[in-house]
Amino acid sequence: MCLGIPGEIVALSTDHADLATVDVSGVRRAVNVGLLDGEHVGPGDWVLIHVGFAMSKIDEDEARAALDFLEGIGQAYDDEIRALVESQIE
Amino acid sequence: MRFVDEFRDADKARALAAAIASLCEPGRHYKFMEVCGGHTHTIYKHGIDDYLPENVSLVHGPGCPVCVIPMGRVDDAIAIATQPDVIMTTFGDMMRVPGGQGSFFDAKAAGADIRMVYSPLDSLKIARQHPDKRVVFMAIGFETTAPSTAMTVLRAAAEGIENFSIFCNHVTIIPAIKAILDSPDLRLDGFIGPGHVSTVIGCRPYDFIARQHDKPLVCAGFEPLDILQSVHMILCQLAEGRAEVENQYSRVVPWDGNAKALQVIAEVMELRPYFEWRGLGFISQSALKVRDAYAPFDAERIFELPGVRVADPKACQCGEVLKGVIKPWECKVFGTACTPETPIGTCMVSSEGACAAYYNFGRFTRERVRTATRQ
Ligand code: SF4
C-alpha cells in the first residue's frame, strides 16, 4: 500500500470534478485528483498515485523511470496492480 | 563490479560508490537511518549495503505503517469486524498482521465479513452499495495516506452516507523520529528522509533534526541510485561540517509539501494525546483521531472497543528492529518461527517491513553479490 505508482491521465470525469481516469501499466481506473489543489491536470499529464489519490504531478521522464523501477521490484508492485484492478472508485 | 550493471545507470552508481568511499574519514563509523519502509525494501532488494564501504551502515527506521500497529488495535479492529451487520474493509497489507486474538485473516475464516480494498474510496462505494450494513474502513498509514482517508470522510459527509465510518490508526512521522533521537540505544549520524510522506509534509518539519540534533537529513527517492546519492549528500554535509535538511527527491517532493493535503487532514483529524506504537511503546502526539465535527464517521465512537493493551510476544524483537538497534536476522525467531507465512511480529508482514524485505531478498542478494564479485 505504500507504493506511489505513476499513472497517465487519459480523461477528466464530467460527473465529478475530482475524478479522472488514469492509465497505469495498461490498467485504466478512476482516481481522485482533488489533492492536487490549484495544479491544473489534464489528459497526457502524469501523476503519482497512492491508494486511489493523485499525490503529485510528475514529469513524464520521472514517471517512466519510476515505472521501470516498479516493474523490476516484483511482487509488491504486482500486488498493487492487482488491488488497483479490483478498484471501482466513482 | 559487474553487479552495478543492473542499475539503470551503472556508471553513475560506480562513480557514486567511489565518491562515497572517498568522503569517509578513515577509522570513523557512520550510521544512517532510512526512516521509510520503501527505502528498506530497495536497500535489501538491490543489496545497497554491499555497495557501501564497511564503515557506513544503514539502519532501518519505524516508517512502515503496518509494522507499527500494536496488537491491541488489531484486536479492536477485529472486535468491530465481528459485530452484526459490519463489513470491515482494509488494505491487503493489514490482513496478516497478528493481534492478540489472531489476524484479520483468522477472523475472516471464522466468518467475519472483511474485504480488501485498494482505496478508502472503494470502501465508501461498498457503503453506498450496502445501505443495510455498517461499513468500516481500517485506516492506517503516515501522512501519505491520511489525506486520502480525510478526503473520503469529507465525501461521505457531503453525500450524507451514514453507514460509513473509519477506524483511525493514522500515525505521524515526526514524533517517531523524535522518539528515536531521544532513545539512548542508538547513535545516528544522519537520516535518509522518507520520500512519499514528504510530498505531503514537505521538508521543513525535519528542521529540528538539523538544528537541535545537529544531524543531516536528506529526503530521498526510492531507486537504488537515489539512495546512493542521498548517502553521498549526507556524507558531503558531514565532511563539510554542515547539518541541514536537503531534498534529493525534488522531482517529486515540493519543499513546502502539499498544502491541500495538510488542510484536509486538519479539517477531519486532530492529534491524539498519545498512541501506542508496536515495539516503540507510547509516543505522545504521534497519531491522529477523528475530530468531533466528524464524530458520525468515527468507528471508535460508534462501536464498543475492548481497548486492551496487549504486550508483544516475548520472542518478538520488532521494537529493536523498528528502532534500528538490531538487524532482522539477529532476532532469535527470524526465518524459523517467524516467516512471512506465519509472522510473529509485524515487520515480517508487509513487504516494506525490514524482516520481510530481508527474508525475501537479503540472503539472495548477498549470494548474488558474492558470485558477482568472484567473477
Ligand atoms: S523476525 Fe519476526 S518477531 Fe523477530 S523482529 Fe522480525 S518480525 Fe519481529
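So how many residues does the stretch A:37-58 have that are more than 7 Å from chain B (Cβ to nearest Cβ) and either touching a residue at least 60 places away in the same chain (Cβ under 8 Å) or not basic (Lys, Arg) (or both)?
Number of matching residues: 12.
If only one of B:Ala127, B:Ala139, B:Ala109 is in contact with a Cys (Cβ under 8 Å, 6 or more places away or on another chain) and of a type in the set (A, V, I, L, M), which one is it?
Exactly one residue qualifies, and that residue is B:Ala139.
Give the residue that is farthest from B:Ala354 (Cα to Cα), with candidates limited to residues of the stretch B:326-337 that are of a type in the set (Val, Ile, Thr) and near the ligand (Cβ under 8 Å from one of its atoms).
Per the stated criteria, the residue is B:Val333.
Do you know which residues across the stretch B:41-87 are away from chain A (no Cβ under 14 Å), touching a strand residue (DSSP E or B) at 6+ places or on another chain (Cβ under 8 Å) and β-branched (Val, Ile, Thr)?
B:Val56, B:Val59, B:Val74, B:Ile78, B:Ile80, B:Val86, B:Ile87, listed by residue number.
Taking the stretch B:338-358 on its own, how many of its residues are buried (at least 24 other Cβ atoms within 10 Å of the Cβ), polar (S, T, N, Q) and more than 9 Å from the ligand (Cβ to nearest atom)?
Here the count works out to 2.
Quick one: which of B:Ile192, B:Ile174, B:Ile201 is within 14 Å of chain A (Cβ to nearest Cβ) and within 28 Å of A:Leu35 (Cβ to Cβ)?
None of the others qualify; the one that does is B:Ile201.
Given the conditions (1) at the interface with chain B (Cβ under 9 Å from one of its Cβ atoms); (2) under 23 Å from B:Asp93 (Cα atoms); (3) surrounded by fewer than 21 Cβ atoms within 10 Å (Cβ to Cβ); (4) touching a strand residue (DSSP E or B) at 6+ places or on another chain (Cβ under 6 Å), which single one is not true for A:Ile73?
Among (1) at the interface with chain B (Cβ under 9 Å from one of its Cβ atoms); (2) under 23 Å from B:Asp93 (Cα atoms); (3) surrounded by fewer than 21 Cβ atoms within 10 Å (Cβ to Cβ); (4) touching a strand residue (DSSP E or B) at 6+ places or on another chain (Cβ under 6 Å), A:Ile73 violates only (4).
Do you know which residues across the stretch A:6-17 are buried (at least 18 other Cβ atoms within 10 Å of the Cβ) and either without any contact (Cβ under 8 Å) to a residue 12 or more places away in the chain or within 11 Å of another protein chain (Cβ to nearest Cβ) (or both)?
A:Pro6, the sole residue that qualifies.
Pairs needed: first member in the stretch B:312-326, over 23 Å from B:Leu181 (Cβ atoms); second member anywhere, more than 8 Å from the ligand (Cβ to nearest atom) and modelled with pLDDT under 80; C-beta distance under 6 Å; at least 6 residues apart or different chains.
Pairs that qualify, where the first residue is over 23 Å from B:Leu181 (Cβ atoms) and the partner is more than 8 Å from the ligand (Cβ to nearest atom) and modelled with pLDDT under 80: there are none.
The values are calculated or read from the model by the stated rules, or taken from the named source; none is laboratory data. Keep in mind the model is a prediction, meaning the values are calculated, not measured. All Cβ positions, even for glycine, are placed from backbone atoms using ideal geometry, and neighbour counts span all protein chains on display.
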